[in-house]
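Report on one structure; see the data block that follows.
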Amino acid sequence: MEFKNLRQGSEYDKIFKENMEANLEGIVEQVLSMKIFITEELPDDLQHTKERKPDLLKKVRDEDGQVFILHIEYQRSNDQNMAYRMAEYSIMLQRKYRLPVNQYMIYLGQEKLNMPTEIERTNFKFKYEVRAISTIDYRLFLYHEVIEMKLLAVLADLSAVDPKEILRELILEITEIVAEELVLGKYMNQLKIFAQLRDLEQTLKEVMEEVSSWYVKERDPYYIIGRDEGVTLEKTRSKLSIARKLEEERTRSKLSIARKLEEERTRSKLSIARKMKKEGLTIPLIAKITDLSQEEILNIKL
């Protein structure tokens with residue numbers, strides 16, 4: 001996707017750079033399927049004959065005790081020179097740190113991925129791994145506890161659901177978690193930028209208009225009552241009645257969303273458990289991983 005102007009592109013880059021640290025654990029676990037422990041921060045400026053600045057660079061240790069450099073690049077559009085860029089990074093990192101380098105490019109774009117991922121020439125062979133966010137189940141992000149990870153649900157696979165419903169759930173979850181107005185505004189701005197990557201800007205606008213009636217101070221009935229000095233008792237009663245109805249509607253909506261979220265989480269756990277059961281994993285192990293009861297797992301039909 002091409003941004004409407006350079007400023008939008010720079011905003012997008014800025015958002016991802018800000019969120020990388022918060023996203024790292026979730027990205028490594030959910031997208032890269034790795035279990036690692038960060039052992040050392042590394043400077044992200046590589047300078048030899050030229051300077052390169054990787055998106056994310058860490059010295060890590062995995063669950064088997066292997067130590068290596070983890071290098072992640074985020075890419076929002078196809079780049080036919082990406083394999084050469086990654087190869088340059090790999091050589092520079094190996095030369096500087098004398099450690100194995102595991103490289104991943106996380107593709108965030110909407111168009112079909114067609115970048116070369118390897119180079120094979122005489123006396124030279126190179127390959128890096130690619131993960132496309134658009135192919136990953138949105139639920140892995142939406143139900144994550146970290147807000148920066150939740151936001152990635154917009155970029156995930158929404159082909160089987162109504163994007164408007166996902167945006168509504170996402171907004172309501174964030175507004176429940178974040179109380180500070182400035183912080184909430186920051187996340188809403190980030191959500192807008194991500195929505196642009198999936199041509200969901202208009203859909204997001206519609207959802208925001210629906211949800212904002214609950215949260216905009218000037219529309220809050222209690223605020224209006226306190227502001228309008230000199231109103232008649234009858235008008236006050238009328239406004240209080242409206243306020244109560246709105247509050248009841250808000251409570252019903254929150255409970256409904258909570259039920260939907262819990263049902264979705266359960267369905268997701270059952271789906272994962274079914275796959276594990278097919279693979280022959282033991283019932284106790286499946287229960288430990290999914291938090292389902294052994295009885296629920298036994299009742300799963302293959």
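Per-structure values
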read-out: Unmet requirement for Gly65, which otherwise passes all of (1) under 28 Å from Arg198 (Cα atoms); (2) part of a loop (DSSP other than H, G, I, E, B); value: (1)
read-out: Residue in the stretch 187-195 that is closer than 21 Å to Ser271 by Cα, in contact (Cβ under 8 Å) with a residue 12 or more places away in the chain and surrounded by 14 or more Cβ atoms within 10 Å (Cβ to Cβ) present; value: no
read-out: Elements of type helices (runs of 4 or more DSSP H) contained in the stretch 187-291, each with 3 or more residues being over 17 Å from Leu172 (Cα atoms) and modelled with pLDDT under 65; value: 221-227, 233-278
read-out: Residue under evaluation Tyr143, criteria (1) within 20 Å of the chain's Cα centre (by Cα); (2) open to solvent by less than 20 Å² (accessible area, probe 1.4 Å); (3) among the aromatic types (Phe, Trp, Tyr), criterion not met; value: (2)
read-out: Test: residue in the stretch 99-106 that is part of a helix (DSSP H, G or I), surrounded by 15 or more Cβ atoms within 10 Å (Cβ to Cβ) and touching an Asp or Glu at 6+ places or on another chain (Cβ under 8 Å); value: no
read-out: Residues of the stretch 292-302 classified as outside any loop (DSSP other than H, G, I, E, B), out of contact with any helix residue (DSSP H, G or I) (no Cβ under 7 Å at 6 or more places or on another chain) and farther than 18 Å from Glu262 by Cβ, total; value: 1
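The values are calculated or read from the model by the stated rules, or taken from the named source; none is laboratory data. Everything numeric in this text was worked out from a predicted model, so none of it was measured. Heads up, the Cβs are rebuilt from the backbone with ideal geometry, glycines too, and the neighbour counts pull from every protein chain shown. With ligands, DNA and RNA removed, areas are computed over all heavy atoms of the protein, side chains included. Shrake-Rupley method; radii C 1.70, N 1.55, O 1.52, S 1.80 Å.
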